[in-house]
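S.K.: What follows is a single structure, and I will ask about it in a moment.
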Amino acid sequence: MLKLTVTGRNGASEVFQVGQACSIGKDPACDIVLKGLLIGKLHARIDNRGGHYYLEDQGAASRPH
């Protein structure tokens, strides 16, 4: 299992547990919901393939870092 730490501009951090896959974006249906002008409705996806995690851009206007 992957631990993903998201840190906001204010310095506050939140830790998320990622199993096989998760979606990231501002849509309430996403597994990890983020707020912000640069966050897309479905911004990115994390997938576990063969024990390796991959971050995939989902066509967001600003690319994930």
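S.K.: Taking into account only those residues within segment 17-39 that are assigned to a strand (DSSP E or B) and within 9 Å of the chain's Cα centre (by Cα), which is surrounded by the most Cβ atoms within 10 Å (Cβ to Cβ)? Don't jump to the end; show me each part of the working.
M.R.: We begin by selecting, within segment 17-39, every residue assigned to a strand (DSSP E or B); these are 17-18, 21-25, 32-33.
With the extra rule that they be within 9 Å of the chain's Cα centre (by Cα), the set shrinks to 22-25, 32-33.
On the way: Cys22: 19, Ser23: 16, Ile24: 26, Gly25: 20, Ile32: 16, Val33: 13.
Checked segment 17-39; the qualifying residue surrounded by the most Cβ atoms within 10 Å (Cβ to Cβ) is Ile24.
S.K.: Looking only at segment 40-54, filter to residues that are within 10 Å of the chain's Cα centre (by Cα) and part of a loop (DSSP other than H, G, I, E, B); which one of those is surrounded by the fewest Cβ atoms within 10 Å (Cβ to Cβ)?
M.R.: Here the residue is Leu42.
S.K.: For the subset of segment 1-16 comprising residues that are exposed (fewer than 10 other Cβ atoms within 10 Å of the Cβ) and aliphatic (A, V, I, L, M), which member is modelled with the lowest pLDDT?
M.R.: Met1
The values are calculated or read from the model by the stated rules, or taken from the named source; none is laboratory data. In this text, all values refer to a predicted model and were calculated from it rather than measured experimentally. Every residue, glycine as well, gets a Cβ built from its backbone with ideal geometry; the counts of neighbours run over all protein chains shown.
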